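Reading through the structure tokens given below for one structure.
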Amino acid sequence: MSNKQTVPLIQFAFCYFRYMKWFTSLVSIIMIMLPTFGKSQNPIGFETMVNAILSGTIDTISSVKLDQKMKANEVFVLDTREKREYDVSHLRGSRYVGYDDFSMTRVADIDHNSTIVVYCSIGKRSEEIALKLKQAGYLNVLNHWGGIFDWTNRGFDVVDLQNDVVKVVHPYSATWGIWINNCEKSYEPR
């Protein structure tokens, strides 16, 4: 082979391997980010997604730790989702405070030294409400990492407006609903 023939071959090989590296990386990202098909959640994908979305400006609490604190009655739990989401299901004993219509008047009776945990579907909206609470002088505010999706995927109960245990969660949207794996998805209370 002459030099004139090897140069295009080398260029082709270089482009091919560069493309394959990019393609392999893309496939890896997709495999991590998408939940597995079936009933179980892809924990690596969910964890990666939640960590990428949260800014880290508010300390977080896991579902397991939150369950312990709730059983010990050591925490105020605030639901920062929209009312239609709360009406479908919510953590037992949580208080609806909303997101779009959030107002400090809904938490005015809570002592500024109390431990408060805020949650939403996965933790992004609740993180923003937690920042507002911190700015208003609340000292012990935690964001529930993974929100109600992580809570139900780990098998913890949620309740409806009558305080009855239900196996249904509002998915926020079809896009976000892919992360719910242990409950039915519903946009309306049952």
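For the range 53-168, the Kirkwood estimate of the hydrodynamic radius, built from every pair of different alpha carbons, is 13.9 Å. When the convex hull of its Cα atoms is viewed from all sides, the range 105-171 shows a mean projected area of 5.2 nm².
Under 5 Å between amide hydrogens, built in the peptide plane, is the criterion, and for L78 it picks out R95, V117, V118, Y119 among residues at least 5 positions away or on other chains. Report the paramagnetic label zone for D109: residues of the range 59-85 whose backbone N is under 14 Å from a point 7 Å from Cα along the Cα-to-Cβ axis. Residues 76-77 fall inside that zone. For E184, nonlocal amide neighbours, meaning residues 5 or more places apart or on other chains whose placed amide H falls under 5 Å from its own, are V168, V169. For D87 and K124, the difference between the fully extended length at 0.36 nm per residue and the C-alpha to C-alpha distance is 11.4 nm. Taking all protein chains together and rolling a 1.4 Å probe, W145 ends up with roughly 40 Å² accessible. In this structure the amide hydrogen of V141, modeled in the peptide plane, comes within under 5 Å of the amide hydrogens of I116, none closer than 5 places in sequence on its chain.
The values are calculated or read from the model by the stated rules, or taken from the named source; none is laboratory data. On a predicted model such as this, the values are computed, not experimentally measured, just so you know. Quick reminder, even Gly has a Cβ in these numbers, built from the backbone with ideal geometry, and neighbours come from all protein chains shown. Heads up: the accessible areas ignore ligands, DNA and RNA and are worked out on the full protein's heavy atoms, side chains in. Shrake-Rupley method; radii C 1.70, N 1.55, O 1.52, S 1.80 Å.
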